[in-house]
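The values are calculated or read from the model by the stated rules, or taken from the named source; none is laboratory data. Please read these numbers as outputs of a predicted model, since none were measured by experiment. When we count neighbours, we look across all protein chains shown, and the Cβ atoms used for this are built from the backbone with ideal geometry, even at glycine.
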Amino acid sequence: MDFITKNAKGLLLCLIIAVPSWFLGKQFPIIGGAVIAIIAGMIVTLFLKDKSTLESGIKFTSKKVLQWAVVLLGFGMNLTVILETGKQSLPIIVSTIATSLIIAYVLHKALHIPGRISTLVGVGSSICGGSAIAATAPVIDADDEEVAQAISVIFFFNVLAALLFPTFGKFIGFATNTGEAFGIFAGTAVNDTSSVTAAASTWDSMWGLGSATLDTAVTVKLTRTLAIIPITLVLAFLRTQKEKKSGEAGKKVSLKQIFPFFILYFVAASIITTIALSLGVSAGVFSPIKELSKFFIVLAMAAIGLNTDIVKLIKTGGKPIIMGFCCWMGITGVSLLMQHLLGIW
C-alpha cells in the first residue's frame, strides 16, 4: 500500500505519456515510440511547477521499469548468440571506454573542469550513463549538484543520439537488412541504456527488423555495463589511497551497491529461452513478452524525459557540455573505426 501511495502519481503520469507515444510510434515508425516519449516527457516537465509528489514514481519508472524491460528482452534471445555478440563487440567496448576516459582526463586538465564532474561525465559517457554516474558518485563523494549536472549532460547527448543516430546510420551506409552493425554501434556509441534501446528500437521500426537490432544493442550494452565494477573499484581504491595520505578514513564500497544485478536476470531469461528452443518450443511463444518489454521501454523513456531539465542544463555552464560532446564524438568515431577494422561494417 505504501508503494502505491508513493509511486502512483508519477507512474500514472508516465503512463499518460507512454500510451499515446506507443501508438504514435506505430504510426510513425521512423521516429519510434521511445523517442516520442522522451520528447513528450521533456516538454511536459517544463510545465510542472512542483514534481515533489511525482518524483518517486518517475524515478521508479526510469530505473526499475527499464530494468524489467531489459530482463524481459532476455526471453526470446538465444544465449549462444548473446555470448557470440558480446565476444565480437569486446574490442570495440574496451576501445570506446578507454577513449572517453582519456578525453575526460585531458579536458579536465586543459579546461580546469572540477575533478568530480570530470570523473562523472567521463564514466557516464564511457559505460552506461546514469547508472554509472549513480554507482560512481558515492565512491568519489560527489554532491547532489554535481550528480545532477553530470546526468543532465549525459541525458542531453542521449536524447541527441536517440534522435540522430538512426538517420546517421542510414547516411553512412549501415546494412538495413540486418541489425548487427547498427546494434553494435548503438550498444557501444550511445551512453545510457535508455537511449541505446530508443535508437535500436527506431532502427528496427525503420527497416521492419522486429527486435533484431534491439537484441544486439542490449546485449552489447549489458556487456559494456559490466565495466562499472572494475572502474568503480579502481576509483574506490584511488580515493582510499588519497584519504590515507591526507589522514582520512577510507570508506568501504559494497559490491552489492554497484553490481547491476538485473544483468543476471537477463542472462537467466536467456538461458530459459535457449533451453526451451533446444527442446523444440516455438520462438513465437516469447513474442508477447518481447512486445511487453518494448512498451516498458517507451514507459521508461517517458520518465527519462520527465527527469531531463533543459533549462537547468543550459544554466549550469558550458564546460561539462563541451566535455560530454567531446567524449560522445570520440566514442562515436572509435566505434565506427573499430567496426570497420573488424569487418563488421
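Selection over the range 161-181 of residues that are within 18 Å of the chain's Cα centre (by Cα) and loosely packed, with under 15 Cβ neighbours inside 10 Å gives a count of 1.
Residues of the range 222-229 include none that is within 22 Å of Ile36 (Cβ to Cβ), in contact with a helix residue (DSSP H, G or I) (Cβ under 6 Å, 6 or more places away or on another chain), in a helix (DSSP H, G or I) and not aliphatic (A, V, I, L, M). Exactly one residue among Ala134, Ala186, Ala161, Ala104 is free of Cβ contacts under 8 Å to residues at least 40 places away in the same chain and farther than 17 Å from Ser62 by Cα, and that residue is Ala186.
Just to verify a result, which residue in the range 64-112, among those that are among the hydroxyl-bearing types (Ser, Thr, Tyr) and more than 27 Å from Gly280 (Cβ to Cβ), is surrounded by the fewest Cβ atoms within 10 Å (Cβ to Cβ)? Out of the qualifying residues, it is Tyr105. Any chance the range 10-26 includes a residue that's at pLDDT below 90 and surrounded by 20 or more Cβ atoms within 10 Å (Cβ to Cβ)? Looking through the range 10-26, at least one residue is at pLDDT below 90 and surrounded by 20 or more Cβ atoms within 10 Å (Cβ to Cβ). Scanning the range 69-121 for residues that are part of a helix (DSSP H, G or I) and in contact with a Phe, Trp or Tyr (Cβ under 6 Å, 6 or more places away or on another chain) yields Ala69, Val70, Val71. Restricting Leu48, Leu15, Leu66, Leu24 to residues that are assigned to a loop (DSSP other than H, G, I, E, B) and either in contact (Cβ under 8 Å) with a residue 40 or more places away in the chain or not β-branched (Val, Ile, Thr) (or both) narrows the list to Leu48.
Evaluate the range 283-301: report whether one residue or more is modelled with pLDDT under 90, buried (at least 18 other Cβ atoms within 10 Å of the Cβ), of a type in the set (Val, Ile, Thr) and not in a helix (DSSP H, G or I). No - not one qualifying residue is present in the range 283-301.
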